[in-house]
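Below is one structure, written out as structure tokens, with a few remarks after it.
The values are calculated or read from the model by the stated rules, or taken from the named source; none is laboratory data. Source: prediction; values computed, not measured. So basically every Cβ, Gly included, is an ideal-geometry build from the backbone, and we count neighbours across all protein chains shown.
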Amino acid sequence: MRTQVAIIGAGPSGLLLGQILSRNGIDNIILERQTGEYVLGRIRAGVLESVTIDGLKRAGVTENLEKHGLIHDGCELVFNDVSYRVDFEKQVGRHVVVYGQTEVTRDLMAAREAIGATTIYEAKDVALHDVDTAKPYVTYTKDGQEHRLDCDYVAGCDGFHGVSRKTIPADILKTYERVYPFGWLGLMADTPPVSDELIYLKHERGFVLCSQRSKTRSRYYLQVPLTDKVEDWSDERFWDELRTRLGPERSANLVTGPSIEKSIAPLRSFVAEPMRYHNLFLAGDAAHIVPPTGAKGLNLAASDVLYLSDALIDFYKNNDTTGIEGYSERCLKRIWGAERFSWYMTNMLHTFPDHDAWDKKMQKAEFMQLLNSENGARLLAENYVGLPY
Ligand code: RFL
Ligand code: PHB
């Protein structure tokens, strides 16, 4: 089998890239380890920046987003008892859109099916070969049979645990990492959200995020120790803890109900450089991870894909390799900005087990800067709605 671009992974990065390439006449095949249902079952991001929406427009998949996406022009930050509303519209004249990653993925999968592009699900033992030559190829097994896919380029969109990044020789790849001493326990429920806007809240017992997917579907997160298991958290315990951290006034608006999903995610900051090795490109979580506090992971994946699709289109249409050569550097500029923001939000709003009295005072002073300085608030808003693409 042969294609122009072999894409590893059918998460949002791989599907978005595939769709933009196909619409520009560039042949591509996606190899995905899991089934489509499994990919859709993973509950993740909920906040889209305008760069992601631009990407979805280029992929021609904004019909549902336009119908069901919720425009948010601010969010609330709470530090112990002090509350501050970040007004995105006032500060930077922009907004974000609340629309789930599951829905983005479903829309992209449907569009891919409609144009008849190939996705091979349950492709096992994917391995990349000769990516440092002009004739790279990928091998995989499907239903016990081995297959070979020849291509011009490989796009590694296979997330943090994928194989693509590991194909780059260790003496070339440099990684930077910070692991945080806690995780997020997420719960989804078909109940109206506790507030119209997202609430990021720091309580002595730990961080809380009140998010949503629609006017009737809520998504809540609690900071939990890394040692906790989902089984330790009955719905009842989750709602009790949420009420305690939100306090009586906010909890008065809280509607509880049976969970439809519950999972724990560890928090990590990670960057791998460079993002291109000869004819292999990394995009999305394969190259970088941010803690979810800044709502940046999916949005960074989308901006990588926009840079990569521009580069590949320029090569195939104009034989111009400038975009390919500059791909890694262009992406990393935006990535390090988002890494800083996600790290800052995580440090400011979580309860760290090893913080002493000094650290706690600094954390509070960091928060108070938002209330006391328009510049501080503007910087936060600018980063939250998305750094320039
Ligand atoms: P994905 O989504 O991990 O997809 C990678 C795909 O590759 C497949 N794969 C392989 N396929 C073939 N062979 C192999 N060897 C393979 N290994 C892996 C996997 O099965 C999978 O289908 O990466 P991608 O496409 O780069 O997308 C990245 C986003 O999923 C991620 O950054 C966001 O979900 C992060 N994130 C958020 N981002 C935001 O922008 N805004 C948010 O509000 C936000 N909230 C979140 C989040 C992530 C969370 N978790 C669970 C980590 C909230 C949470 C709780
Ligand atoms: C979500 O709705 O899942 C979500 C929203 C904002 C974040 C992280 C996750 O910062």
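Okay, here's what the table says:
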{"read-out": "Lone qualifier among VAL138, VAL92, VAL96 - being at negative phi and within 16 Å of ligand 2 (Cβ to nearest atom)", "value": "VAL96"}
{"read-out": "The range 207-223, residues that are buried (at least 20 other Cβ atoms within 10 Å of the Cβ) and not hydroxyl-bearing (Ser, Thr, Tyr)", "value": "PHE207, VAL208, LEU209, CYS210, GLN212, ARG213, ARG219, LEU222, GLN223"}
{"read-out": "Residue list for the range 287-303, filter: more than 6 Å from ligand 1 (Cβ to nearest atom) and assigned to a helix (DSSP H, G or I)", "value": "THR293, GLY294, LEU300, ALA302, SER303"}
{"read-out": "Any chance ASP359 is closer than 20 Å to HIS203 by Cα and modelled with pLDDT of 95 or more", "value": "yes"}
{"read-out": "Any pair with Cβ under 8 angstrom, 6 or more apart, that starts in the range 226-251 at a residue that is outside any helix (DSSP H, G or I) and ends at one that is surrounded by 15 or more Cβ atoms within 10 Å (Cβ to Cβ) and aromatic (Phe, Trp, Tyr)", "value": "LEU226/PHE182"}
{"read-out": "Flag if ALA127 is in contact with a strand residue (DSSP E or B) (Cβ under 8 Å, 6 or more places away or on another chain) and among the aliphatic types (A, V, I, L, M)", "value": "yes"}
{"read-out": "Residues of the range 317-327 that turn out to be more than 16 Å from ligand 1 (Cβ to nearest atom) and surrounded by 18 or more Cβ atoms within 10 Å (Cβ to Cβ), as a count", "value": "2"}
{"read-out": "Selection status of THR227, surrounded by 15 or more Cβ atoms within 10 Å (Cβ to Cβ), away from ligand 1 (no atom under 12 Å from the Cβ), polar (S, T, N, Q) and over 30 Å from GLY14 (Cβ atoms)", "value": "no"}
{"read-out": "Criterion violated by ASP310 - all others in (1) in a helix (DSSP H, G or I); (2) in contact (Cβ under 8 Å) with a residue 40 or more places away in the chain; (3) under 28 Å from VAL98 (Cα atoms) satisfied", "value": "(2)"}
{"read-out": "For ASP143: the one exception among (1) under 30 Å from CYS75 (Cα atoms); (2) over 22 Å from the mean Cα position of the chain (by Cα)", "value": "(1)"}
{"read-out": "Residues of the range 122-155 classified as of a type outside the set (A, V, I, L, M, F, W, C) and near ligand 1 (Cβ under 9 Å from one of its atoms), total", "value": "3"}
{"read-out": "Residue check, ALA59 touching a strand residue (DSSP E or B) at 6+ places or on another chain (Cβ under 7 Å) and touching a residue at least 24 places away in the same chain (Cβ under 8 Å)", "value": "no"}
{"read-out": "Yes/no for LEU77 being at pLDDT 95 or above and outside any strand (DSSP E or B)", "value": "no"}
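A quick yes/no check of all residues on (1) away from ligand 2 (no atom under 16 Å from the Cβ); (2) touching a helix residue (DSSP H, G or I) at 6+ places or on another chain (Cβ under 7 Å):
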residue: PHE270; (1), (2): yes, no
residue: MET275; (1), (2): yes, yes
residue: LEU280; (1), (2): yes, yes
residue: PRO291; (1), (2): no, yes
residue: GLY297; (1), (2): no, yes
residue: ALA302; (1), (2): no, yes
residue: TYR307; (1), (2): yes, yes
residue: ASP314; (1), (2): yes, yes
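Each row is one residue, and each column tells you yes or no for (1) more than 14 Å from the chain's Cα centre (by Cα); (2) crowded, with 19+ Cβ neighbours inside 10 Å; (3) of a type in the set (Lys, Arg).
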site	(1), (2), (3)
GLN19	yes, yes, no
THR35	yes, no, no
ASP54	yes, no, no
ALA59	yes, yes, no
LYS90	yes, no, yes
